[in-house]
Amino acid sequence: MIATIIILITTVILFIVGKVRSDIVALCALCAMLLLGILTPEEALSGFSSTVVIMMVGLFVVGGAILQTGLAKAVSQKIMKLAAGNDIRMFLLVMIVTAIIGAFISNTGTVALMMPIVVSMAAQAGIRPGRLLMPLAFASSLGGMLTLIGTPPNLVIQKSLTDAGFEPLGFFSFFPVGLISIVVGIVVLLPLTRWFLYKNNGTGEKKAKGSGKTLDELVAEYCLENGMRRYKITSKSKVKGKTVAELNLRGRYGLTILEIRSEKADRSGLIRNVRQSLAAPDSILRVGDIIYLTGETTAMDNFAEGNNLEQLDSTSMDFYDIGIAEIVLVPTSRLIGTLLKNSGFREKYDINVLGIKRNNNYIMNALTDCKLCSGDVLLVQGKWTNIAKLDDEETDWVVLGQPEEQAQKVTLNYRAPLAAVIMVAMVALMVFDFIPVAPVTAVMLAGLLMVLSGCFRNVEAAYKTINWESIVLIAAMMPMSTALEKTGTSAMISHSLVESLGTMGPTVLLAGIYFTTSLLTMFISNTATAVLMAPIAMTSALEIGVSPYPMLFAVTLGASMCFASPFSTPPNALVMHAGEYRFADYVKVGLPLQLIMGIVMTLVLPLIFPF
C-alpha cells in the first residue's frame, strides 16, 4: 500500500511540474508497479485493451474525418453566425450545445464529435483552440447529468437503489441536478477560462512561421483563375474518346490542360465521388469529364466552339488529390540554362509547371520554351504524393513551405455528406439501447467506414489523426485504479472518511461522500469509483436513518464532476494535445470548478432530494 501511494504521489508531482511528457510519466509509473510486483503483467497492460481506450482511438479517426471532409467547418460556420463574433456568446453556445449532446451519448463520444467543430470555430475566429476545448470537455461531463443514460455512474446508482428495494429513478430524474450543474459550470468557467486560457503561449505563432503560403494565396499571387476556364465534355463533344496527345492543344491553340476531373453522384445526389488527374499525353477524354484549361480567352472560345464543349460557370480551383506548391532553383542546379520542356518534371515526377516567378515578374505563357535561371521560383502542380517526392530531391531545388501540411489541410468537401451519414449512424447506435451493438463496436465501425469510404486521402492520414500521447496516457493510468483497489488504498480512504463524518450529521456526511468520490475519481475511472462508493453511501445513509437518494447523487456527481486532472476522464485527455494544455492548466481551471461544484451540490441536493 505504501509503495502504491508513493508512486501515485510522485506521478502527480511530475504531472504538475510538467518537465517530462505526461505519457512518459504514466508509463514510468506503470513500470514501477510492475517491477515492485504490485501489478501482474496482465493487469498492467489491461488499459491498452480497455474498451474506453479503443473507443478513443476510433473517435480520433471519426473526428479527423469530420475535419478532413470540411463537415466540421460547415457546422462551425453556422454556430459562428449565431455567435456573431461575440466571444461570450461563442463560449455559451459551445457549452450548451455540448451539454445537450452529452445528455444522450457518452461524454467521450460527445467531445470527439464536437472537438473538430470547435477547432474549426477557433481557426475561423482567429483564436487558440485551447480557449474553448477545456470548456468543451467539462461541458460534456456536465451534460451527462441531465439524463439517466448520460454517464455510467448514473446507471451505477440506479442499480444500487433497485437492488436495495428503493424506487428506481426516471429518465429525467437527473434533469434538475444536471441543469444546476450546467449553470454553475458556465458561471465559474466563464471568468476562469478568460484568466487562464485566453493567453497565447506563442506556440501557434511558431507553427505559423515558416509554414509557407496557403493554396489560396498561391492561386491569387499567380492569378491562376484569371486565365482558367472549365469545360465539360458532353455526348456531342468531338473530343470524346480522344487522347490529350491527339488534340495537340498546345501546338494548335496554345492551350494547356491543367487537370481532368470526373465527378459522379448517386441518384440522391448525396454521395459524390471526385477523381482528379493530370493531363498525360495518353489520357483519354470521356463523356462527363471536366477539363481545366489555361491560355488565351479567344483560343479557348475557338476550341470549345469547334468541339461542342459545355463551359461551366465556376472557375474556382478545388484541391483534393492534386495540389500546388512553389520550388526555388538553387545556384548549383543542373536545370539552370535548360528549357522547361527538357527539365524532366513531367517525365520523372508527373508534375506540371504552371508558372515561373523571376525577379518579381510572373511568366505564365509559353513556358515550355522558357530557359530556367538560378533563383527562379516555379509554381508546380501534381498529386500531393508527387509533390512530396520533390522535397526529397534537394540538390537542384528547395520546396518552399510545407506541402505535406497543406495537403492535410485540404478538405474533401464532396465527402462531407457521407461523413455526416456515418457520424449520425454511429450516434444512433450509441443512443438507442434496442439496437444490439456495443458503443465501442459502433465507434470502430464508424472509423473503419470513414477510411473505406474515402473520407481520408489515404490510410496514413487516418493514422495521423490519432493522438497517441493521450491514448498512452489514459491506457497507462488505468491500471492505477487496479493497484489502488488491490492494495486496499481506495477502500481505506473511502471507509475512514465516511465513518469519521457519519456522526456529524447528514449534510456533513453528504459532503464527505461527495469529496471522497471526487478525490478518488482523480486517480480511478469514474465508473470504478461509483461502483466502489455507491454501497458505502447506501449503507451510511441507512445507518443514520436518512434517504439514500441524496447520498447516491453525491456519488454520481462526485464521480462525474472531476475536472482537476487530464487523466481523470477520457474527455479531459482527448482535448489535452489539441488545446496545448499542461497539467497545471487543469488545476487552475478545473480544481476551482470541482470545489465550487461540491459546495453547491452539498447545499442543493438535500433541497431536491430531502433527507
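From the residues in the stretch 464-483 that are at pLDDT 80 or above and closer than 20 Å to Gly47 by Cα, which one is surrounded by the fewest Cβ atoms within 10 Å (Cβ to Cβ)?
Ranking the qualifying residues of the stretch 464-483, first place goes to Trp468.
In the stretch 582-598, which residues are open to solvent by 30 Å² or more (accessible area, probe 1.4 Å) and touching a residue at least 60 places away in the same chain (Cβ under 8 Å)? Working first, answer last.
The initial filter retains those residues of the stretch 582-598 that are open to solvent by 30 Å² or more (accessible area, probe 1.4 Å), namely 582, 587-588, 591-592, 595-596.
Result: Arg582, Val587, Lys588, Pro592, Ile596.
Looking at the stretch 484-519, which of its residues are under 22 Å from Phe583 (Cα atoms) and at pLDDT 80 or above? Please lay out each step first, then the result.
From the stretch 484-519, those under 22 Å from Phe583 (Cα atoms) are 484, 515-519; that's our starting set.
Scanning the stretch 484-519 gives Phe515, Thr516, Thr517, Ser518, Leu519.
Against the condition surrounded by fewer than 22 Cβ atoms within 10 Å (Cβ to Cβ), at pLDDT below 90 and out of contact with any His (no Cβ under 9 Å at 6 or more places or on another chain), how does Thr569 come out, does it pass?
no
Only one of these is surrounded by fewer than 20 Cβ atoms within 10 Å (Cβ to Cβ) and either touching a strand residue (DSSP E or B) at 6+ places or on another chain (Cβ under 7 Å) or modelled with pLDDT under 75 (or both): Leu429, Leu400, Leu379, Leu452. Name it. Quick ask: steps written out before the conclusion?
Working: Leu429 fails: either touching a strand residue (DSSP E or B) at 6+ places or on another chain (Cβ under 7 Å) or modelled with pLDDT under 75 (or both); Leu379 fails: surrounded by fewer than 20 Cβ atoms within 10 Å (Cβ to Cβ); Leu452 fails: either touching a strand residue (DSSP E or B) at 6+ places or on another chain (Cβ under 7 Å) or modelled with pLDDT under 75 (or both).
Residue meeting the stated conditions: Leu400.
Which of the residues spanning the stretch 167-183 are loosely packed, with under 15 Cβ neighbours inside 10 Å and among the aromatic types (Phe, Trp, Tyr)?
Of all residues in the stretch 167-183, those loosely packed, with under 15 Cβ neighbours inside 10 Å come to 167-168, 170-172, 179, 183.
Across the stretch 167-183, the qualifying residues are Phe171, Phe172.
Considering only the stretch 520-611, give the helices (runs of 4 or more DSSP H) lying wholly within it that have at least 1 residues that are under 17 Å from Leu161 (Cα atoms). Before you say what the answer is, go through the steps one by one.
Numbers: elements: 526-543, 548-560, 570-574, 583-608.
Output list reads 526-543, 548-560, 583-608.
When only residues in the stretch 252-303 that are among the β-branched types (Val, Ile, Thr) and not in a strand (DSSP E or B) count, which is modelled with the lowest pLDDT? Full working, then the answer.
Start the filter on the stretch 252-303 by keeping residues that are among the β-branched types (Val, Ile, Thr), which leaves 256-257, 260, 271, 274, 284, 287, 290-291, 294, 297-298.
Of the ones still in play, those that are also not in a strand (DSSP E or B) are 271, 287, 297-298.
Values: Ile271: 56, Val287: 89, Thr297: 82, Thr298: 87.
Of everything passing the filter in the stretch 252-303, Ile271 is modelled with the lowest pLDDT.
Here is a list of conditions, (1) modelled with pLDDT under 80; (2) surrounded by fewer than 20 Cβ atoms within 10 Å (Cβ to Cβ), and Leu224 meets all of them except one; can you say which number that is?
Only one criterion is unmet by Leu224, namely (2).
Cβ-Cβ below 6 Å, separation at least six or inter-chain, first residue in the stretch 360-384 and within 15 Å of Leu224 (Cβ to Cβ), second open to solvent by less than 10 Å² (accessible area, probe 1.4 Å) and of a type in the set (Ser, Thr, Tyr): which pairs?
Listed by first residue and then by second, the contacts come to Leu379/Tyr222.
Can you tell me which residue in the stretch 227-251 is modelled with the lowest pLDDT, limited to those that are of a type in the set (Gly, Ala, Ser) and in a loop (DSSP other than H, G, I, E, B)? Explain how you work it out, then say what you get.
Kept after step one, since they are of a type in the set (Gly, Ala, Ser), are these residues of the stretch 227-251: 227, 235, 237, 241, 245, 251.
Checking the rest, the ones that are also in a loop (DSSP other than H, G, I, E, B) come to 227, 235, 237, 241.
Working: Gly227: 71, Ser235: 89, Ser237: 90, Gly241: 89.
By that ranking, first place goes to Gly227.
Counting just the residues of the stretch 432-443 that are over 20 Å from Met114 (Cβ atoms) and in contact with a helix residue (DSSP H, G or I) (Cβ under 9 Å, 6 or more places away or on another chain), which one comes out surrounded by the fewest Cβ atoms within 10 Å (Cβ to Cβ)?
Ile435
Out of contact with any Gly (no Cβ under 9 Å at 6 or more places or on another chain), open to solvent by 10 Å² or more (accessible area, probe 1.4 Å) and either more than 25 Å from Ala438 (Cα to Cα) or β-branched (Val, Ile, Thr) (or both): does that describe Leu155?
no
Is it the case that some residue within the stretch 133-145 is of a type in the set (A, V, I, L, M, F, W, C) and open to solvent by 20 Å² or more (accessible area, probe 1.4 Å)?
no
Just checking, does the stretch 546-557 include any residue being closer than 26 Å to Phe175 by Cα, open to solvent by 30 Å² or more (accessible area, probe 1.4 Å) and either at pLDDT 80 or above or among the aromatic types (Phe, Trp, Tyr) (or both)? Outline the logic, then answer.
Restricting attention to the stretch 546-557, the residues satisfying the condition of being closer than 26 Å to Phe175 by Cα are 546-557.
Now restrict to residues that are open to solvent by 30 Å² or more (accessible area, probe 1.4 Å): 549.
When the remaining residues are screened for being either at pLDDT 80 or above or among the aromatic types (Phe, Trp, Tyr) (or both), the result is 549.
Yes, that holds for at least one residue.
State which residue pairs qualify: first residue at positive phi and inside the stretch 478-506, second residue modelled with pLDDT of 70 or more in any location, beta carbons under 7 Å apart, and separation of 6 or more residues or different chains.
Gly488/Met1
Which of the residues spanning the stretch 317-336 are surrounded by 16 or more Cβ atoms within 10 Å (Cβ to Cβ) and either not in a loop (DSSP other than H, G, I, E, B) or not hydrophobic (A, V, I, L, M, F, W, C) (or both)?
Of everything in the stretch 317-336, those that are surrounded by 16 or more Cβ atoms within 10 Å (Cβ to Cβ) and either not in a loop (DSSP other than H, G, I, E, B) or not hydrophobic (A, V, I, L, M, F, W, C) (or both) turn out to be Asp318, Tyr320, Asp321, Ile322, Gly323, Ile324, Ala325, Glu326, Ile327, Leu329, Ser333.
Anything in the stretch 158-189 that is part of a helix (DSSP H, G or I) and under 21 Å from Met430 (Cα atoms)? List them, or say none.
Of everything in the stretch 158-189, those that are part of a helix (DSSP H, G or I) and under 21 Å from Met430 (Cα atoms) turn out to be Gln158, Lys159, Phe175, Gly178.
Before we move on, is Ile291 under 19 Å from Asp216 (Cα atoms) and buried (at least 20 other Cβ atoms within 10 Å of the Cβ)?
Details: under 19 Å from Asp216 (Cα atoms): no; buried (at least 20 other Cβ atoms within 10 Å of the Cβ): yes.
Answer is no for this residue.
Is it the case, given these coordinates, that Met538 is closer than 25 Å to Pro176 by Cα and among the aliphatic types (A, V, I, L, M)? Explain how you work it out, then say what you get.
Numbers: closer than 25 Å to Pro176 by Cα: yes; among the aliphatic types (A, V, I, L, M): yes.
Criteria met by Met538.
Pairs needed: first member in the stretch 385-397, farther than 16 Å from Leu335 by Cβ; second member anywhere, at pLDDT below 80 and open to solvent by 30 Å² or more (accessible area, probe 1.4 Å); C-beta distance under 7 Å; at least 6 residues apart or different chains.
Short answer, once both residue conditions are applied: Ala388/Glu404.
For Ala122, indicate whether it is touching a Ser or Thr at 6+ places or on another chain (Cβ under 9 Å), modelled with pLDDT of 90 or more and either more than 21 Å from Val440 (Cα to Cα) or open to solvent by 10 Å² or more (accessible area, probe 1.4 Å) (or both).
On the way: touching a Ser or Thr at 6+ places or on another chain (Cβ under 9 Å): yes; modelled with pLDDT of 90 or more: no; either more than 21 Å from Val440 (Cα to Cα) or open to solvent by 10 Å² or more (accessible area, probe 1.4 Å) (or both): yes.
Taking the combined requirement at face value, the residue does not satisfy it.
Out of the helices (runs of 4 or more DSSP H) lying entirely within the stretch 1-116, which hold 2 or more residues that are surrounded by 24 or more Cβ atoms within 10 Å (Cβ to Cβ) and in contact with a Phe, Trp or Tyr (Cβ under 8 Å, 6 or more places away or on another chain)?
22-35, 51-68
The values are calculated or read from the model by the stated rules, or taken from the named source; none is laboratory data. Fair warning: this is a prediction, and the values are worked out from it, not measured in the lab. Cβ coordinates were reconstructed from backbone atoms using ideal geometry, including for glycine residues, and neighbour counts include every protein chain displayed. Each accessible area value is taken on the protein alone, full model and side chains, heavy atoms only, with ligands, DNA and RNA left out. Shrake-Rupley method; radii C 1.70, N 1.55, O 1.52, S 1.80 Å.
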